[in-house]
1. Inside region 140-164, can you point out the residues that are under 25 Å from PRO100 (Cβ atoms) and aliphatic (A, V, I, L, M)?
2. Which of the residues that make up region 337-362 are touching a His at 6+ places or on another chain (Cβ under 6 Å) and either surrounded by fewer than 23 Cβ atoms within 10 Å (Cβ to Cβ) or assigned to a helix (DSSP H, G or I) (or both)?
3. Scan region 197-227 residue by residue and report those that are of a type in the set (Ser, Thr, Tyr), outside any loop (DSSP other than H, G, I, E, B) and surrounded by fewer than 20 Cβ atoms within 10 Å (Cβ to Cβ).
4. Do you know which residues across region 116-161 are part of a loop (DSSP other than H, G, I, E, B), surrounded by 19 or more Cβ atoms within 10 Å (Cβ to Cβ), out of contact with any Phe, Trp or Tyr (no Cβ under 7 Å at 6 or more places or on another chain) and of a type outside the set (Ser, Thr, Tyr)?
5. Going through region 259-272 one residue at a time, which ones are within 16 Å of GLY317 (Cβ to Cβ) and surrounded by fewer than 18 Cβ atoms within 10 Å (Cβ to Cβ)?
6. Let me spell it out: the conditions are (1) modelled with pLDDT under 85; (2) among the small types (Gly, Ala, Ser); (3) over 21 Å from THR335 (Cα atoms), and GLY90 meets all of them except one. Which number is the exception?
7. Filter region 170-185 for residues that are within 21 Å of the chain's Cα centre (by Cα) and crowded, with 19+ Cβ neighbours inside 10 Å; which is farthest from GLY118 (Cα to Cα)?
8. Do you know which residues across region 352-398 are closer than 16 Å to GLY329 by Cα, among the small types (Gly, Ala, Ser) and touching a Gly at 6+ places or on another chain (Cβ under 6 Å)?
Amino acid sequence: MRYARLLKSIGLLGFSMVAFWAAVGGGVALDRLVFARFVPLGNIPSGAEPDFKLMAEAWNVISLEYVDKKVVQPKKLTYGAIGGMVNALGDTGHSSFLSPDMVKLEDRFVEGNFSGIGAQIRMKDGRVVILAPMEGSPAKRAGLQSGDIILKVNGKDVAGQPLEEVVSRITGKAGTKVSLTILSPKTERTREITVVRASITIHNVTWARVPGTELADIRIAGFSQGAGKDLEKILTQVEDQRLAGIVLDLRDNPGGIFNSAVGIASQFLSSGTVALVKDGKGNIEEVPVKGGGLAVSVPLVVLIDGGTASGAEILAGALQDAHRAPLVGEKTFGTGTVLKSFALSDGSALLLAIAEWLTPSGRVIWHKGIQPDAEVPLPAGVEKLYPEAMKDMNADRFRANGDVQLKRAVKMLLNPKAGRTKAGAAAG
């Protein structure tokens, strides 16, 4: 198949993705098909001369007439124009332009180490939205939550600013501070927070025994390098301890490297398809499950929410379509394009959607998301309970915790008929 031959020849896979910026969270996204070291240089395309001349006219007017000459910087104008072209496609939060610095930050995220506040952000409806704070990060300690909206950075309004500009304002060396004005959409209240930037090492797969049970809670925070091997080690530990079931927590997971996502899905599926790829001509090809999974028959429930995006949606959709596990929580983010990265001559890059991911049954994820089988909203003000917090928790403290999503998943594993609806509900 054409798609399979392409992947074999380049040896690098990827998903579509929300903008996952290293300056604040860890890299723009890895969910991409291939980093194509290619850019068509040379002549202006036939028929496009009037448009290029129009852009030159605007450039000249700005350069000659704008009152604040110190802000008229050629590189900034160029990047603004390129970013504007990408934004004009309407693929908000997916296709994007990366400056050379953002490309370098992306590479650091692939390696699993970076400096920042530890929060994934993206543009949504013209606003800068926190997709998810990383566990143990400065952003998490400062109280940032999934869905929070950044209104100001160091007192300056970011409304209408390109995401790259917002990222550059938040970026800084470890140990330095940045002030953020945050709007909580649940309470409609604003608050001021100060975050101390730090060097962050990503731990994408963690686990703990659910207090008072024989169940494992496995959290996958993203699909960077090494996540698949980390999961294998954890599944071996779960098997050695003869635990009876697994809660797979994909909440606040923005996606990551495609090979990692496929490998992780294959740990829970014995056969079939992980995802479908639909190109611009409507051609569809399958991404098959790899063999040899360690947990293909272990009872499983998956947690999802509005911070579950891209590769995590593919994983959730594959498990749901295969009737392998019910999904509990809230509708996912709705990221579903395949991005291809085109390097430009100065080290910047374009991430452009060239195809679309579908679930194995052909359900659309892009702009629709994946619906849970059991819809369980998390109450306002309640923090999600992740494995690190459970390690020293007893059964009484767990029962008193307010994470109703996790508690519903545990209940469904202990009593499979409790709150379960038919798996495979339509997305969106």
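1. ILE150, VAL153, VAL158, LEU163
2. So in region 337-362, the residues touching a His at 6+ places or on another chain (Cβ under 6 Å) come out as 337, 353.
ALA353 - this is the single residue of region 337-362 that is touching a His at 6+ places or on another chain (Cβ under 6 Å) and either surrounded by fewer than 23 Cβ atoms within 10 Å (Cβ to Cβ) or assigned to a helix (DSSP H, G or I) (or both).
3. We begin by selecting, within region 197-227, every residue of a type in the set (Ser, Thr, Tyr); these are 199, 201, 206, 213, 224.
If we keep only those that are outside any loop (DSSP other than H, G, I, E, B) as well, we get 199, 201, 206.
Matches in region 197-227: SER199, THR201.
4. We begin by selecting, within region 116-161, every residue part of a loop (DSSP other than H, G, I, E, B); these are 117-118, 125-126, 134-137, 142-148, 154-155, 158-161.
From what is left, the residues that are surrounded by 19 or more Cβ atoms within 10 Å (Cβ to Cβ) are 117-118, 134-135, 137, 144-146, 148, 158.
Next cut, out of contact with any Phe, Trp or Tyr (no Cβ under 7 Å at 6 or more places or on another chain) only: 117-118, 134, 137, 144-146, 148, 158.
Passing the criteria: ILE117, GLY118, MET134, LEU144, GLN145, ASP148, VAL158.
5. Once the filter is applied, which keeps residues that are within 16 Å of GLY317 (Cβ to Cβ) and surrounded by fewer than 18 Cβ atoms within 10 Å (Cβ to Cβ), region 259-272 yields only GLY272.
6. Among (1) modelled with pLDDT under 85; (2) among the small types (Gly, Ala, Ser); (3) over 21 Å from THR335 (Cα atoms), GLY90 violates only (3).
7. Ranking the qualifying residues of region 170-185, first place goes to ILE182.
8. GLY369, ALA374, listed by residue number.
The values are calculated or read from the model by the stated rules, or taken from the named source; none is laboratory data. Predicted model only: the values in this text are computed from it and were never measured. Here the Cβ is made from the backbone with ideal geometry for all residues, glycine too, and neighbour counts use every protein chain on show.
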